[in-house]
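The values are calculated or read from the model by the stated rules, or taken from the named source; none is laboratory data. Bear in mind the structure is a predicted one, so any value in this text is a computation, not a measurement. Reconstructed Cβ throughout: ideal geometry from the backbone, glycine too, with neighbour counts over all protein chains shown.
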Amino acid sequence: METPSDTAVVGPFVGAIDEGTTSARFIIFRAGTDDIVCYHQIEVPSIFQKEGWCEQDPMVIVNTVNECIAGATKKLTSLGGQIKDIITIGITNQRESTVIWDRNTGQPLANAIIWLDNRTTSTVEELLEAIPNNARNINYLRPLCGLPLSPYFSGVKLRWLRDNVPTVKAAMDSGVAMFGTIDTWLMYNLTGGKNGGVHKTDVTNASRTMLMNIETLQWDPNLLKFFGLPKTILPEICSSAEFYGSLAQGVLKGTSITADLGDQQAALVGQQCLSKGQAKATYGTGCFLLYNTGPSIVHSQHGLLTTVGYQLGRKATPYYALEGSVSIAGAAFNWLRDNIGLIQNSGQIEAMAATVDNSLDVYFVPAFNGLYAPYWNQDARGVICGLSEETTSEHIVRATLEAVCFQVRDILDSMHKDCKIPLAKLMVDGGMTVNNLFLQLQSDLVGIHVLRAKIAETTALGAAMAAYKAVENRYSMEAPLSKSGPREPVKPTIGSTERNLRYQKWKMAIDRSLNWETSTLPQGEREAFDGA
Ligand SMILES: Nc1ncnc2c1ncn2[C@@H]1O[C@H](COP(=O)(O)OP(=O)(O)O)[C@@H](O)[C@H]1O
Ligand SMILES: O=P(O)(O)OC[C@H](O)CO
C-alpha cells in the first residue's frame, strides 16, 4: 500500500520568482527539469494617478513576492517536500519599470514607474531638443545602447523623476539615492535591504535602461551625461547566471540567488531559443518577440531594439537579440472588458470571435499609449476603422485578435529586413496563447508555423534553468525537457494574396493612428472648431 512518504515530492528543487506587470509568482521546479512541483501567485495592483500614468507601490511588490514564497513553500511542505531542498532561486521580472530609494532608510523615494507609463513624453521631447545640430533623431543613442528614445525605457523615467520629484533630485545630488529595475529592488530587499542588501542587476535588465553600453556591457559615461544622471545611483552589472547573494530572512533564509533575467529574455531561455536564428513571442499584457542573433550585435535599421538576450555566467559569451515590442496585446481585451463592456471575461474571446468568419473589414489599432516597434511613435492613438451597419461585437473582438497578429507581422517584416533570413517558425507562449483561434490567425496573417510552448510558465522556467546552471556546471541548457517534446505546429490556411491584401488594409489603419496626439486641423477648420 502507498504511504505518504512514497508519494512525497523529492528534491532537489529550484525556485523562480517571476514578478510580472499584473502578478507575482513563486514557482518551484524539480531541478534541471520543467516539472512544476507547486507555485503561488498573487496579483499586484497598478495605480493610475493621472491619464497616461501607471505606477506600483515598491513595498507592495516586495511584500507580494514574500507572500508568494511563503505560499509556495507551504504547498511544497504539504506535498511532503523539504524546503531545505530548494537549492537556489532565480529572479525574472517586468523590465524597464523604475524604482528609486534612499540607501540610508531603504525606503522608496517614489512609486515605481511602470514600463507602460507614458508621462515622460515631454521628457523625450526635451531630450530630443538636446541632440546636437537640431537633429531631433530618436535613434541618436542607438549606436551606444541599441534603443530609440522612448518613454518606455528606464533612463527616461529616471530623468523625469530627477526633474519632477525634489526629494529624488536632492537624494541624487547628495549620493544617497539608489536606482533599480524590479530585479534589483527585489534582490536588495531579499538580501537584507539597508542592512547589507546587494545592489546588483544583470546584463539583460541593464540593457533596457538606455544607460548601459551594448558592447562593453558596462554603464556608459556618455549616456549618463546625456541623461544628466549620476553614476552613484547605479547597481553593479552582473551576468544572468552567477551568485548574487543569499536571502536574509524568511523560510528561505540562507538560500542563494543565482540568476537574474528580464522576463522576455527569460522566456527566450525557457523556450530553449538558445541558437542564433531562433525566435519566440510572448503574448501577455504586451507582446514581445525576441530573435536570437547569437554573439553578434545587430543594429536594427527597421525599428527593432538591440538587447542582450542572456549571458549565462561571468565568463560566458553574451548572446544578443533583436526585439520587437508591442505595448498593447492582451491588454486590448482588458480594455474591451473594463472600459467598453464588450466582453465579460477572457474565456469568452475565442468563442465570440469564432462565431464570425472574418472581421468584416474592421481594423483596430490599439495604440493607447503610442506605438512601439517598429514605429516608435509616442503620439499615435487607438483607432477602429472600417465600421459599417453590419459590424457586431464579434467582429470587433475578432479584429482585436487580428490586431495583435498584424503587429507581429510588422515586427517580423522588420526582422526579415534586418537579418535577411525569413523566420520559418515561431515559438509562442503567454496568456493569449491558450486561444487556439488566435494561434490560427497568427499563422494565417503572417504565413508562418506557430508552435505553442508545452508549459505556460516559460518565463519562470528560464530563470530556474539559469539559476540551476550557475550551481550545477554539468547541467546543459540544451538538455531535452520532459514537456518540451515535439510540438504540433499551427500552419497557415490562407494564401499570400489574401494575406497581403489584409496587411495593406492594416497599414492604412496604422496611418490613421500615427501622430494623432500632435495632429493639428488646418487653420480654417481649427478656428471653426474652437468657435463651436
Ligand atoms: N483566451 C484568451 N484570448 C485572448 N487573450 C487572452 C485570453 N486569455 C487571456 N488573455 C489575455 O492575456 C493577458 C494575460 O496574459 P499573461 O501572460 O498572464 O500576462 P502578463 O505576464 O503580462 O501579466 C491578458 O491581457 C488577457 O487579456
Ligand atoms: O510583465 P509582462 O509579461 O507584461 O512583461 C513586461 C515587459 O517586460 C515589459 O518590457
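Here are the numbers:
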read-out: Residue pairs meeting the criteria (Cβ under 6 Å; at least 6 apart or on separate chains; first touching a residue at least 60 places away in the same chain (Cβ under 8 Å), in the stretch 262-288; second of a type in the set (D, E, K, R) and within 9 Å of ligand 2 (Cβ to nearest atom)); value: GLY262/ARG95
read-out: Meets criteria (more than 16 Å from ligand 1 (Cβ to nearest atom), out of contact with any Asp or Glu (no Cβ under 9 Å at 6 or more places or on another chain) and of a type outside the set (A, V, I, L, M)) for GLU394; value: no
read-out: Single residue of TYR475, TYR468 found to be in contact (Cβ under 8 Å) with a residue 12 or more places away in the chain, more than 22 Å from the chain's Cα centre (by Cα), surrounded by fewer than 24 Cβ atoms within 10 Å (Cβ to Cβ) and more than 16 Å from ligand 2 (Cβ to nearest atom); value: TYR475
read-out: Tabulated pairs, the stretch 82-105, first closer than 19 Å to THR21 by Cβ, second more than 16 Å from ligand 1 (Cβ to nearest atom) and acidic (Asp, Glu), C-beta under 9 angstrom, 6+ apart or interchain; value: GLY90/ASP260; ILE91/ASP202; ILE91/ASP260; THR92/ASP260; ASN93/ASP260
read-out: Enumeration of residues in the stretch 301-346 that are crowded, with 24+ Cβ neighbours inside 10 Å, of a type in the set (A, V, I, L, M, F, W, C) and away from ligand 1 (no atom under 12 Å from the Cβ); value: LEU304, LEU305, VAL308, ALA321, LEU322
read-out: Flag for TYR244 being away from ligand 2 (no atom under 16 Å from the Cβ), aromatic (Phe, Trp, Tyr) and out of contact with any Leu (no Cβ under 6 Å at 6 or more places or on another chain); value: yes
read-out: Matching entry among ALA112, ALA135, ALA70 (being more than 23 Å from THR458 (Cβ to Cβ) and exposed (fewer than 14 other Cβ atoms within 10 Å of the Cβ)); value: ALA135
read-out: Strands (runs of 3 or more DSSP E) completely within the stretch 314-386 that count 1 or more residues being polar (S, T, N, Q) and either within 16 Å of ligand 2 (Cβ to nearest atom) or touching a Phe, Trp or Tyr at 6+ places or on another chain (Cβ under 6 Å) (or both); value: 319-326
read-out: Test: residue in the stretch 403-417 that is within 15 Å of ligand 1 (Cβ to nearest atom), more than 25 Å from THR306 (Cβ to Cβ), touching a helix residue (DSSP H, G or I) at 6+ places or on another chain (Cβ under 9 Å) and part of a helix (DSSP H, G or I); value: yes
read-out: Residue within the stretch 237-246 that is within 15 Å of the chain's Cα centre (by Cα), in a loop (DSSP other than H, G, I, E, B), of a type in the set (S, T, N, Q) and crowded, with 20+ Cβ neighbours inside 10 Å present; value: no
read-out: The listed residue being in contact with a helix residue (DSSP H, G or I) (Cβ under 8 Å, 6 or more places away or on another chain) and without any contact (Cβ under 8 Å) to a residue 24 or more places away in the chain, out of ARG119, ARG136; value: ARG136
read-out: Residue among ILE47, ILE89, ILE100, ILE69 that is β-branched (Val, Ile, Thr) and in contact with a Ser or Thr (Cβ under 9 Å, 6 or more places away or on another chain); value: ILE89
read-out: Filtered residues of the stretch 265-311 (kept if in a loop (DSSP other than H, G, I, E, B) and under 23 Å from SER154 (Cβ atoms)); value: GLY284, THR285, GLY286, ILE297, VAL298, HIS299, SER300, GLY303, LEU304, GLN311
read-out: Helices (runs of 4 or more DSSP H) fully within the stretch 435-518 counting 1 or more residues that are more than 27 Å from PHE243 (Cβ to Cβ) and touching a helix residue (DSSP H, G or I) at 6+ places or on another chain (Cβ under 6 Å); value: 436-446, 496-513
read-out: Subset of the stretch 14-44 [more than 30 Å from GLU478 (Cα to Cα) and out of contact with any strand residue (DSSP E or B) (no Cβ under 7 Å at 6 or more places or on another chain)]; value: none
read-out: Filtered residues of the stretch 258-273 (kept if modelled with pLDDT of 95 or more and out of contact with any helix residue (DSSP H, G or I) (no Cβ under 6 Å at 6 or more places or on another chain)); value: GLN264, LEU268
read-out: Some residue of the stretch 33-48 being among the acidic types (Asp, Glu), over 15 Å from ASN189 (Cβ atoms), touching a helix residue (DSSP H, G or I) at 6+ places or on another chain (Cβ under 7 Å) and buried (at least 16 other Cβ atoms within 10 Å of the Cβ); value: yes
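Here's the yes/no breakdown for (1) within 25 Å of the chain's Cα centre (by Cα); (2) buried (at least 19 other Cβ atoms within 10 Å of the Cβ); (3) within 16 Å of ligand 2 (Cβ to nearest atom); (4) over 26 Å from LEU461 (Cβ atoms):
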site: GLY80; (1), (2), (3), (4): no, no, no, no
site: ASN93; (1), (2), (3), (4): yes, yes, yes, no
site: SER97; (1), (2), (3), (4): yes, yes, yes, no
site: TRP101; (1), (2), (3), (4): yes, yes, no, yes
site: ARG119; (1), (2), (3), (4): yes, yes, no, yes
site: ASN139; (1), (2), (3), (4): yes, no, no, yes
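For (1) of a type in the set (Phe, Trp, Tyr); (2) under 15 Å from TYR372 (Cβ atoms), each residue gets a yes or a no:
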| site | (1), (2) |
| --- | --- |
| ILE86 | no, no |
| VAL99 | no, no |
| ASN104 | no, no |
| ASN111 | no, no |
| LEU116 | no, yes |
| LEU127 | no, no |
| ALA130 | no, no |
| ALA135 | no, no |
| TRP160 | yes, no |
